[in-house]
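The values are calculated or read from the model by the stated rules, or taken from the named source; none is laboratory data. Fair warning: this is a prediction, and the values are worked out from it, not measured in the lab. Glycine also receives a Cβ, built like all others from the backbone with ideal geometry; neighbour counts cover every protein chain displayed. The area values use the complete protein model at the heavy-atom level, side chains included, leaving out ligands, DNA and RNA. Shrake-Rupley method; radii C 1.70, N 1.55, O 1.52, S 1.80 Å.
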Amino acid sequence: MKSINSIIAAGLLSVASFSAQAVSLDFNIIVRDFRGGGVANNPDFNNTLISGLTTGMVASMLDANGKPVYVGSGGGGNASGNVFSTSSFAAWYRPCDGGAYSCDSQRTVTLTANVDANDVLTYFNSSYFPLDTLTNPSIWDASGHNFFFTSELNLSLIYDPTKANEFSFTGDDDVWVFINGQLVLDIGGIHGATSGSFDLDNLVGGLGISPYDQYSFTMFHAERHTTESTLNITSTLGQPLNRVPEPETLALLGIALLGLAGARATRKS
């Protein structure tokens, strides 16, 4: 028998989808700006080689600080995913502390996605340069844009087995997605726009996720070359990606939950 929490969670999820209208959804990402190449900068950025899609660059689990761990060969060549060392990679998602290979600045940027009437979230951007409006063109890494940066997105989601639970990504360069700290999407290397996807319904058993459990979703991205910057996401994952209920819907939900609690109390008496 389902627990009371599971029943309430199911009710929340179904009622959240009651009002069929598309909405915009804002979410925050951490963006770290790098200067590419040179001894004083991070050599993993503005690397003139192009490895293409390179899987197996990072470990299958995040480290104790919730960051990806580089396990490639290093040296900066195509076989390494164009990464020079574990130290240069570690700086990609570390605060800008002024140490070796450190980022130049760190910002929190708000992106706006669209959630349609079928709970499909989309964010399509073929010119993804979140630092252009926040930095001076004098430090931009290529004509017209601020290339060479990383993006980090952290979300807590709820697994609803009654809905589609799919995630697809198209972009460049590196992208890794972790669910509860485990790698589920691996699109490493310097490459043109490349696609990947996963279906969470096929993974929950190995991830230890039960119906209506909360789980962590973490996406790490890097833009390391000056050709293009694409970030396209289509997702049906998790309660926070669903529409916000209308006020009248919330009122109906409150009545339903009160009735549920009363029924439970009656059964106990």
Exercise for review: Might you check whether a residue that is outside any strand (DSSP E or B), closer than 30 Å to G72 by Cα and open to solvent by 50 Å² or more (accessible area, probe 1.4 Å) occurs anywhere in region 185-200?
Suggested key: yes
Check your understanding: Looking only at region 45-70, which residues are under 15 Å from S85 (Cβ atoms) and at pLDDT 95 or above?
Key -> M57, V58, P68, V69, Y70
Exercise for review: Inspect all residues belonging to region 90-113 and state whether any of them is open to solvent by 30 Å² or more (accessible area, probe 1.4 Å), in a helix (DSSP H, G or I), farther than 22 Å from A142 by Cβ and modelled with pLDDT of 95 or more.
Suggested key: yes
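Sort out which residues of region 1-44 are aliphatic (A, V, I, L, M), farther than 30 Å from S138 by Cβ and modelled with pLDDT under 85, and write them in order of number.
Within region 1-44, the subset aliphatic (A, V, I, L, M) is 1, 4, 7-10, 12-13, 15-16, 20, 22-23, 25, 29-31, 39-40.
Within this subset, residues satisfying the condition of being farther than 30 Å from S138 by Cβ are 1, 4, 7-10, 12-13, 15-16, 20, 22-23, 25.
Selection gives M1, I4, I7, I8, A9, A10, L12, L13, V15, A16, A20, A22.
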Review point. Applying the selection to region 166-181, what residues are among the charged types (D, E, K, R) and buried (at least 22 other Cβ atoms within 10 Å of the Cβ)?
Key: D172, D173, D174
